[in-house]
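First comes the structure, then the notes that go with it.
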């Protein structure tokens, strides 16, 4: 297909832009066009046109490893500060600090286990925020791509939150045990947090509780958790029946905000039917109405050009009309007639307005549009890109220029001579081909 015959329509361009923002690869986008058109022959563009449009219009930035370099900066900064600390205090040969540096990946969990982090702290990559952002960005994403995909990431998170709120109020997860405490959490917590609490109730089956000391309502228990067939981990759990307070050595509630299986085992041993409200955190209650729930964010209405916005509105409405018209031949015929009439009317209006400015006030007023622009280019220091030529270089350039001019003049003279020779040859041929009529003896037309 010739290049001058290839063209991307407005609908195709909008689809390419939407797929690029959604993270769909250009090859998949092109294959979707092929499937919708019914084959490659039905398209008036190729896959290279899709990639060129993305590079030229959508991305418009060079691919750089911004995220990778950003993460490398913090690692290098930490190593540099650690080495400076050892050198300044003469502790380079200290074995204890060397071993401590090797275990630096567990520094944070040890010193922050008594602070609640609501499960956000994790040592596994698949359980951290990386697994969520990897759906939209990679380490090779450029800075502008990161900004756009981060906006899509927040929009996706808002939509997932709305869906989870609907599920919390209209569906119920059945309890795994007959415990009234589990039913108490089921009635208050969201589905996501209740599943975490439910896992602790299931793990209570592997716990063996033994009372070691009890004084004036204050009891100390030793809970053995079976992790393998013959291996048990022991935890010390204290229970205050007067204050209705339970505390475990594992500090799960202090760090994640949910009661551990060891504490639940002690509460079951004490025949407690309801836990204190202090162990039911309001932050995970499905009955809480958050202030930002009904706020309309920028993800609900993306910022588009006026023409693109009008195009999307027309496409959305035309889909419903086309779906209704495709139900029968009569409705389809009505749709075709209406389409032809509308096209004629729009062409007449466009012909009348031809010659006037096609920009409306809405299109011309771009002050409210806040687009992300590239930084301005400034002239760099140092010598210019083109080196200043010496006197010898200028003389050589002039000689070459004169030779080219002389050769061009000779070529023009040769062409002119060829034209003159060709015209004279044609004239001679016409003279030679002219036939003279010889008069007959009785012909008096010449007056002889």
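Picking from residues in region 267-299 that are loosely packed, with under 10 Cβ neighbours inside 10 Å and over 16 Å from residue 192 (Cβ atoms), the one that is modelled with the highest pLDDT is 271. Would you point out the residue of region 180-223, among those that are part of a helix (DSSP H, G or I) and without any contact (Cβ under 8 Å) to a residue 24 or more places away in the chain, that is farthest from the chain's Cα centre (by Cα)? Among those that are part of a helix (DSSP H, G or I) and without any contact (Cβ under 8 Å) to a residue 24 or more places away in the chain, it is 205. Keeping to region 26-53, report how many residues are under 18 Å from the mean Cα position of the chain (by Cα) and surrounded by fewer than 12 Cβ atoms within 10 Å (Cβ to Cβ). So the count comes out to 2. Within region 253-277, which residues are in contact with a helix residue (DSSP H, G or I) (Cβ under 8 Å, 6 or more places away or on another chain) and either at positive phi or without any contact (Cβ under 8 Å) to a residue 24 or more places away in the chain (or both)? Hit for region 253-277 is 257, nothing else. Of the residues making up region 1-50, those that are under 21 Å from residue 149 (Cα atoms), in a loop (DSSP other than H, G, I, E, B) and without any contact (Cβ under 8 Å) to a residue 40 or more places away in the chain number 2. Filtering region 118-152 to residues that are out of contact with any helix residue (DSSP H, G or I) (no Cβ under 6 Å at 6 or more places or on another chain), in a loop (DSSP other than H, G, I, E, B) and at pLDDT below 70 leaves 118, 120, 121, 122, 123, 124, 128, 129. Of all the listed residues (333, 338), the sole one being outside the structural domain of residue 12 (by TED's automatic domain parsing), in a helix (DSSP H, G or I) and over 40 Å from the mean Cα position of the chain (by Cα) is 333. Only one of the listed residues (215, 238, 209) is more than 14 Å from residue 279 (Cα to Cα) and loosely packed, with under 15 Cβ neighbours inside 10 Å. That residue is 215.
The values are calculated or read from the model by the stated rules, or taken from the named source; none is laboratory data. Quick caveat: nothing in here was measured; it's all calculated off a predicted structure. Backbone-built Cβ (ideal geometry, glycine too); neighbour counts: all protein chains shown.
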